[in-house]
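Here the structure is laid out as structure tokens; the discussion comes afterwards.
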């Protein structure tokens, strides 16, 4: 079944993780070792196999650290693979289903459960033409020796749905968790895509300057 075949329940168990951001359609490997999450996984495997991954806020006081304060937007995901290891830990492959807004925290013990509302991406005229600009910058990054690989381009380019294309590109390429969270929280596809383009242009210009400083070929020679 495809991710779009699943409805998102209003009440979802969740993992709250610092520096981790899941996007819809993306695949995230997880190692389950804490007792609370072992219990959550066992319950989820008996149910609809859905739980959320929520980023933990980083700009908190020392007194707030133990509270694991979540960001307001997360991603509900579906367990695609779960394998228990001999030491009692488990490997889980979670696929993102949908952005969700956290309305409230309903439970903390034995694991956190949140009340959520699904967030639909707004697609309007502002996103027109941005896909081509992203592909151009991805190809430019590849030619400059950046993080983009041919395999990544071969995976992303055929994706027909523009929302999935932008989300998977952002998930694959954005390295900073705070920026990744910001991209996740943007509801308008055009604005989300433009943020990604701006990041790619900044990185590509940086790589171009480094290449020139090291006496390498100019960008036009590499790109054509």
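Where a number appears in this text, it was derived from the coordinates with a stated rule and is not lab data. Everything numeric here is computed off the predicted structure, so don't read it as measured data. As a convention, Cβ positions derive from the backbone with ideal geometry for all residues, glycine included, and neighbour counts pool all protein chains shown.
Just checking, does the stretch 104-113 include any residue being in contact with a strand residue (DSSP E or B) (Cβ under 6 Å, 6 or more places away or on another chain), under 17 Å from residue 182 (Cα atoms) and surrounded by 21 or more Cβ atoms within 10 Å (Cβ to Cβ)? Within the stretch 104-113 (the criterion being in contact with a strand residue (DSSP E or B) (Cβ under 6 Å, 6 or more places away or on another chain), under 17 Å from residue 182 (Cα atoms) and surrounded by 21 or more Cβ atoms within 10 Å (Cβ to Cβ)), the answer is no, since none of the residues qualifies. The conditions are (1) under 18 Å from the mean Cα position of the chain (by Cα); (2) exposed (fewer than 15 other Cβ atoms within 10 Å of the Cβ); (3) farther than 19 Å from residue 98 by Cα, and residue 158 fails exactly one of them. Which is it? Every condition holds for residue 158 apart from (1). Taken as a whole, the condition of being out of contact with any helix residue (DSSP H, G or I) (no Cβ under 8 Å at 6 or more places or on another chain), part of a loop (DSSP other than H, G, I, E, B) and within 30 Å of residue 160 (Cα to Cα) does not apply to residue 12. With respect to being in contact (Cβ under 8 Å) with a residue 60 or more places away in the chain, more than 17 Å from the chain's Cα centre (by Cα) and surrounded by 15 or more Cβ atoms within 10 Å (Cβ to Cβ), residue 143 fits the description.
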